[in-house]
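Chemist: Submitted below is the structure of interest, expressed as structure tokens.
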Amino acid sequence: MRTPPSDGARRLGRTTTRRAAEAVVRAIIHVCGWLAIVILAAIAIFLAWNSVRAFGEAGLGTMLSGTAWYPTSDPGKFGMLPLILGSLFVTGVALAVSVPVGVAAAVFISEFSGPGVKDVMKSIIEFMAAVPSVVYGLIGVAVVIPLVKDVFALNSGMTALTGGIVLGVMSLPTVISISEDALHAVPFDLRQGSAALGNTRWQTTFKVTVPAAGSGIFAAVMLGLGRAIGETMAVLMLTGNAAVMPTTVLESVRTMTGTIAAEMGEVVQGGLHYSVLFAVGLVLFAITFTINLAADLVLERQRKRWRR
Amino acid sequence: MNALLLERDGTLAYTAGAVVADDAVDVATREDATAAVRGTFSLSGVSVAYGRDRVIEGVGMEIPARSVTALIGPSGCGKSTLLRCLNRMNDEIGNVHVDGRITLDGADIMGKAMDPVELRMRVGQVFQRPNPFPMSIYDNIAYGPRTQGIRRKSELDLLVEESLRGAALWDEVKKSLKKHAFELSGGQQQRLCIARALATKPEVILMDEPASALDPISTQQIEDTIAELKDSVTIVIVTHNMQQAARISNQTAFMLRESLEEPAHLVEMGDTKKMFTNPDDSRTESYITGRFG
């Protein structure tokens, strides 16, 4: 008959298993963590690799400064500026819509609504985020296009403004929920301190709470911006897709995303036009990457300031 | 204490220099001056309930102006809650019901006629943990005055200096008023909060364990500041520290919640010296000598 292992031995055995398990888990987590970086790098490299021909034949400087986008003429003209400006116009309008509305909504939810209203609002906002972008596009076609056409007495309602308004609404959930989190995280101590100095709730909100949540609200805006600049389907349906240099938001524009989506199906794989579209993607990638990086740096600086 | 006071020579915007070294437990010299002085609280039958839970019942007390009144008692005896009645900060929590009568210089502060926002400009508060706003030292102090509509730079500058001197912080920060408040140490932050409260020229300052999160040296500085301030404002302080109450207060009120089933009440209130040497109630004596709580 075997003697049962002593307590010490059993504990030792358990420790060994646990160590092994821990090593495995740690390895998996490490791989997953690095995977994100590897994928990001792979995307950048892939985009760059496929753009090589465009850089060689059309030239990066020419593409970035060119104001004419006629990819199918012979020889093709690949000036990206109309597309870049198109994206900027649409995104600018989107921000003008989503930032004031989104931040105000977040302030209401966080500072002025009762617990019941707060819960309902938060779930509705989550639903908003779950609506597919093509559905927003449909609503834009049915409602916003005729509205913009009538209000500004235009020949066509398909403008940068139209796309921007719908994009702004689409990025509201991001802006609202992240701003709301940031406001919620402001310590009660600060609100209390302000109230004790004879400030009304409004004064406290705008002089202390919102500035204190500034970094979080900034992050919310940046993520909203990221969402807007990368959005494709709705802008494709709403902006009219004329690849010309826009001067006002009341003109038809074509965004970088819209261009890639619309033209990729018609190009010869491996051809110059194909490569140029990858270059457009690379520029888009660089822009969003820069935005995120800038946002991160600002957030990090703010975070250091908060740390006591 | 004396060494610290020397440092502050000439910085006594809020006090008549000589009184600083005054014995903290000296009431008589002050009472003759109260007639014209503002900042007197009178409480009668004050009861507080959180929802259904009655936490304080039937507290009556007189808080004289220009003196330090300490509220002592075991944890959960409603000291802080009572303190918060005095500037209606309980309104901010919700689901709190206050009954009874509280007057500030004869005016009912619980009635509809009293705007809590205005009341709080007259009755400032310093909290347990320093809570400077995330802005510069200068802006922290100017915050209250700006709310009151003071915009002139010269006037604000003067208020900032006066308030910082009043809180004994001026010498340490006068060269760095634009610095972010979070760069100050915990004790400096708490004195900043006192200065911030002073800037609205209140008649009363409520302090809820203002030194409990601080190291002994900072605590000493806060206590010195209180000793200076009591010549210009009424101070009501909640403290867990018996020695602190004995050192800095003129009157002491002892509150007690005998069991969770019944609300807390005021056991007794009197001159600090008497409370700590010869209290009327045996429960006060037991608490002060450390037999419970």
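The values are calculated or read from the model by the stated rules, or taken from the named source; none is laboratory data. This one's a predicted model, so the numbers in the text were calculated from it and none came from an experiment. Virtual Cβ from ideal backbone geometry, glycine too; neighbours counted across all protein chains shown. Calculation scope for accessible area: heavy atoms of the full protein, side chains included, ligands and nucleic acids excluded. Shrake-Rupley method; radii C 1.70, N 1.55, O 1.52, S 1.80 Å.
Chemist: Between A:ALA68 and A:ALA262, how high is the FRET efficiency from 1/(1 + (r/R0)^6) when r is the Cβ-Cβ distance and R₀ = 25 Å? Nearest 0.05.
Modeler: Using R0 = 25 Å, I get an efficiency of 0.90.
Chemist: In what sequence, largest accessible area first, do B:ASP91, A:ASP189 appear using a 1.4 Å probe?
Modeler: Descending order: B:ASP91, A:ASP189.
Chemist: Would you check the accessible area of A:THR209, probe 1.4 Å, heavy atoms only, in square angstrom rounded to 10?
Modeler: Counting only protein heavy atoms, A:THR209 exposes about 0 Å² to solvent.
Chemist: In nanometres, what is the gap between the two model label sites at B:ARG291 and A:PHE108, each 7 Å from Cα along Cα-to-Cβ?
Modeler: Placing both labels 7 Å along Cα→Cβ, they lie 6.1 nm apart.
Chemist: A further question on this structure: Considering only protein heavy atoms, what is the solvent-accessible area of A:SER123 at a probe of 1.4 Å, reported in Å² to the nearest 10?
Modeler: 50
Chemist: Still on this model: Pairs of Cα atoms under 8 Å, at least six residues apart: use those to get the relative contact order of chain B, whole percent.
Modeler: Reported as a whole number, the value is 27 percent.
Chemist: Quote the convex hull volume per residue of the range A:197-306, based on C-alpha atoms, as a whole number of Å³.
Modeler: Dividing the Cα hull volume of the range A:197-306 by its residues yields 143 Å³.
Chemist: So between A:ASN155 and A:VAL244, what do we pick up on full extension, going 0.36 nm a residue minus the alpha carbon distance?
Modeler: Roughly 30.4 nm would be gained on extension.
Chemist: Something else: What is the gain in length, in nm to one decimal, between A:VAL135 and A:LEU299 on full extension, counting 0.36 nm per residue of separation less the C-alpha to C-alpha distance?
Modeler: 55.7 nm
Chemist: Label B:HIS240 and A:ARG19 with points 7 Å out from Cα along Cα→Cβ: what is the distance between them in nm?
Modeler: Going by the 7 Å Cα→Cβ label model, 4.3 nm.
Chemist: When a/c is below 1.5 the answer is rounded, else prolate if a/b is larger than b/c, else oblate, so apply that to the range A:7-57 with a ≥ b ≥ c taken from the square roots of the Cα gyration tensor eigenvalues.
Modeler: prolate
Chemist: Excluding residues on the same chain fewer than 8 positions from B:LYS175, give the lysines whose Cα lies under 26 Å from its Cα.
Modeler: List returned: A:LYS207, A:LYS304, B:LYS153, B:LYS201.
Chemist: Pop the C-beta distance of A:ASP189 and A:ILE37 into the FRET formula with R0 = 25 Å and round what comes out to the nearest 0.05.
Modeler: So the FRET efficiency works out to roughly 0.05.
Chemist: With every protein chain left in place, what is the accessible area per residue of the range A:69-306 in square angstrom, probe 1.4 Å?
Modeler: 44
Chemist: For a Förster distance of 25 Å, can you work out the FRET efficiency between the beta-carbons of B:ASP271 and B:TYR50, rounded to the nearest 0.05?
Modeler: 0.20
Chemist: Ok, one more. B:SER259 versus B:ASP281, label points 7 Å from Cα toward the beta carbon: distance in nm?
Modeler: In this crude spin-label approximation the distance works out to 1.7 nm.
Chemist: In addition: Using the Karplus curve 6.51 cos²θ - 1.76 cosθ + 1.60 with θ = phi - 60°, what ³J(HN,Hα) values do you get for each residue of the range B:112-117, in whole Hz, with x for Gly and Pro?
Modeler: Those phi angles translate into 5, 5, 9, 7, x, 5 Hz.
Chemist: Follow-up. Rounded to the nearest 100 Å², what is the sum over both chains of accessible area buried where B meets A, with a probe of 1.4 Å?
Modeler: Separately minus together, B and A give about 2000 Å² buried.
Chemist: Which value, in Å², gives the accessible area per residue of chain B when a 1.4 Å probe is used on the protein heavy atoms?
Modeler: 41
Chemist: Additional query: Taking a probe of 1.4 angstrom, what is the accessible area of A:ILE287 in Å², to the nearest 10?
Modeler: 50
Chemist: Given the options A:ALA23, A:ASN50, A:SER73, identify the residue whose Cα lies farthest towards the positive end of the charge dipole of the range A:10-125 (+1 on Cβ of Lys, Arg; -1 on Cβ of Asp, Glu).
Modeler: Going by the charge dipole, the pick is A:ALA23.
Chemist: While we're here: Give me the aspartates and glutamates in straight-line cross-link reach of B:LYS174: C-alpha distance below 19 Å, same-chain residues under 8 apart excluded.
Modeler: In chain and number order, the partners are B:GLU7, B:ASP9, B:ASP139, B:GLU155, B:ASP157, B:GLU161, B:GLU162, B:GLU183.
Chemist: Highest GNM mean-square fluctuation, chain A, Cα pairs closer than 10 Å: which of A:LEU167, A:LEU147, A:LEU190?
Modeler: A:LEU190
Chemist: Which residues' amide hydrogens lie under 5 Å from the amide hydrogen of B:GLY100, considering only partners 5 or more residues apart or on another chain, with H built in the peptide plane?
Modeler: B:SER47
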